[in-house]
Every structure is written in C-alpha cells, then in structure tokens.
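Structure provided below as structure tokens; questions to follow.
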Amino acid sequence: MALPAQFKAVQHHLRTAQEHDKRDPVVAYYCRLYAMQTGMKLDSKTPECRKFLVKLMDQLETMKKELGDNESVSQEVVGNAHIENYALKMFLYADNEDRAGSFHKNMIKSFYTSSLLFDVLSVFGELSEENIQHRKYARWKATYIHTCLKDGETPVAGPLAMEGEEGIGFTPGPGPGPPVGPVGPPVGPVGPPVGPGSNYNNIHIPPGAHAPANTPAELPPPTGEPERPVPLPRSMPSTDPALLSATQEGGVRLTPEDFTRAQKYCKYAGSALQYEDTTTAVQNLQKALRLLTTGKE
C-alpha cells in the first residue's frame, strides 16, 4: 500500500523497518510503532491515512505475537535499551570513520539511520538531552558529508560547529564501538545543514541500500579486498589511582538516577568490549565506579 503524502515525515523510518525485518526484528517493530504513533498525530481522519494506519496496526500486532518471547518487545525498558544501544553503535561507527577521514556510503547512511533511531526512542518517552544532541549532529553530519562528496569536495573530518551554532563543535563522550552492518548512502538533492527541527525528507535512500549484516561497506577497495573500518589508534587510558581500591565514601547517598547513570556507563563499557575498544571500556567503567563511590561524576 502506497504511503499517503501526509505521512512523508515517517517514510525513512518505515524504510528502516523494512530493511531490518530479518536483520533485527526488534528494530523493525519499534520503527513501525514510531511511524504509527506519529501518523496518528499527523492525520488519522482522512480515509487513505486511516486505511494505512489500520494496516500498520495489524502488522504491528502480528509482529508482537511473533516476538512475544522477546523481552525487548514485552518489556519497554529492555526495548528502550535495545534501540538506544543500536542507535549509539551506528553513531559511534560513523563518528569513528569520520574522525579517521574515511568517508564512504556506509558512514553517511550510518549517521542518518542513527538519527532516525533516536527519533524512534521517543516511543518510550522524552529523549535525553544527550540523545537529542546525538540526533541533531548525526543528521547534520550525514547531510554535510553527502553534500561535500556530491559536489566533489573533501569533507572536513571530525567534529565541526554546526551551521547556526558557531563555535559549538560536537564531541560525543565515550560510548560503544562500531555497529553491526549499517549501510548505503543518502542520494538525491540535500538541503543545507541546519538545525534539528529541519526537514530532511528530501534525502532519498533507495530500497536495498543496506549491506548484509556484519558488512562494513558495499564498495570494495581497488585491491579487491573487503573494505574494513579504518582502525583508530588505541592507547590505554591512565587509571585514577584513587579508584583502584575504591570503597564508597561515608555519607554518600545515591539516588535512583545515579544508579541509572551507572548502569548506562557499564552498558557502554560492555558494548565497547565487544569491539575490543579497551580505551572506551575503561573510561566508562571508571565513570561508573566514581559515581558509585562518590555520588559525583
């Protein structure tokens, strides 16, 4: 069924759902849930829109039954962590490639898709300020790099001040490593990089643009060898001596928010270890330990 024009704002979220049906059904489910909730707000009265939404609801019900044993669907808190972790993996993969000056289809699409998944996180409630900034930067970077390559220019690698925010570069904190197989580029006309409320729906992403899972890029290098993400130099961060024998300081009372933040740091550390990113893992574990022992970050 064709997407009603009123729902253009969620066309890429639905495309992302379709591309993840086999790769990660949980991501596909929540992308469609976001599209349905957004569609209800946009237009739930026009016959063609109502018909589309009913079909989408039926599809969601079917998926929910099929994924009934999956905690990421049956428990929102687990689903939230799943989508956030997936979005951050894609973001960090693209950011690492960007900082290394490795500009290619995968990294552009990875930036853009991560921004869509940060949108999807809103089904669980308001986005954190951190995720709002990640979404804004990822969407801006995808547009900026794509425009540069389309115009035959070499993008400036690494964090830059976004247009309209002179001097405010974005430097994401330690997080998880690269994602499992993001993929192809936005193509077609792209407007100038602007703020988070901008309409990026003129970025057209063709069907099947994603590479298979675990494939870092679609285009092989001239040697014929499979292209691999450019490894960044890793060095062991210095460890705060005070943390080596840390015990909780007397009188420290931790709030539920403190425990939540500590859990997030541990989650980031675990994700980083999956990709042998020792530096990021150690930094996040130190943050968690400092928070638990002193009540401060």
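I'm trying to understand the selection: among the residues of region 55-73, which are within 22 Å of the chain's Cα centre (by Cα) and of a type in the set (G, A, S)?
Correct list: S72 only.
For the list (1) open to solvent by less than 70 Å² (accessible area, probe 1.4 Å); (2) under 17 Å from N131 (Cβ atoms), I need the number of the one condition that E76 fails.
(1)
Where residues in region 17-38 are open to solvent by 50 Å² or more (accessible area, probe 1.4 Å) and more than 16 Å from A2 (Cα to Cα), which of them is nearest to the chain's Cα centre (by Cα)? Write out each step before concluding.
Start the filter on region 17-38 by keeping residues that are open to solvent by 50 Å² or more (accessible area, probe 1.4 Å), which leaves 18, 21-23, 37.
Within this subset, residues satisfying the condition of being more than 16 Å from A2 (Cα to Cα) are 21-23, 37.
Numbers: D21: 17, K22: 19, R23: 16, Q37: 20 Å.
For region 17-38, the residue satisfying everything is R23.
Is it the case, given these coordinates, that K41 is open to solvent by 60 Å² or more (accessible area, probe 1.4 Å), out of contact with any helix residue (DSSP H, G or I) (no Cβ under 6 Å at 6 or more places or on another chain), free of Cβ contacts under 8 Å to residues at least 40 places away in the same chain and within 27 Å of K267 (Cβ to Cβ)? Break it down stepwise before answering.
Details: open to solvent by 60 Å² or more (accessible area, probe 1.4 Å): yes; out of contact with any helix residue (DSSP H, G or I) (no Cβ under 6 Å at 6 or more places or on another chain): yes; free of Cβ contacts under 8 Å to residues at least 40 places away in the same chain: yes; within 27 Å of K267 (Cβ to Cβ): no.
In short, no.
Continuing with the same structure: Give region 261-287 a look and list any residue that's polar (S, T, N, Q), open to solvent by less than 80 Å² (accessible area, probe 1.4 Å) and modelled with pLDDT of 75 or more, or say none.
If the condition is that a residue be polar (S, T, N, Q), open to solvent by less than 80 Å² (accessible area, probe 1.4 Å) and modelled with pLDDT of 75 or more, then T278, T279, T280, Q283, N284, Q286 are the ones that fit.
Given the options L67, L117, L88, name the one that is out of contact with any Asp or Glu (no Cβ under 7 Å at 6 or more places or on another chain), aliphatic (A, V, I, L, M) and open to solvent by 10 Å² or more (accessible area, probe 1.4 Å).
Selected residue: L67, the only one of L67, L117, L88 that is out of contact with any Asp or Glu (no Cβ under 7 Å at 6 or more places or on another chain), aliphatic (A, V, I, L, M) and open to solvent by 10 Å² or more (accessible area, probe 1.4 Å).
Based on this model, can you work out whether N85 counts as farther than 29 Å from A5 by Cβ, in contact with a Ser or Thr (Cβ under 8 Å, 6 or more places away or on another chain) and not basic (K, R)? Can you show your working first?
Values: farther than 29 Å from A5 by Cβ: yes; in contact with a Ser or Thr (Cβ under 8 Å, 6 or more places away or on another chain): yes; not basic (K, R): yes.
Yes.
The values are calculated or read from the model by the stated rules, or taken from the named source; none is laboratory data. What you are looking at is a predicted structure, and each value in this text was computed from that prediction instead of being measured. Ideal geometry is used to build each Cβ from the backbone, glycine not excepted, and the neighbour counts take in all protein chains shown. Heavy atoms of the whole protein, side chains included, go into the accessibility calculation; ligands, DNA and RNA do not. Shrake-Rupley method; radii C 1.70, N 1.55, O 1.52, S 1.80 Å.
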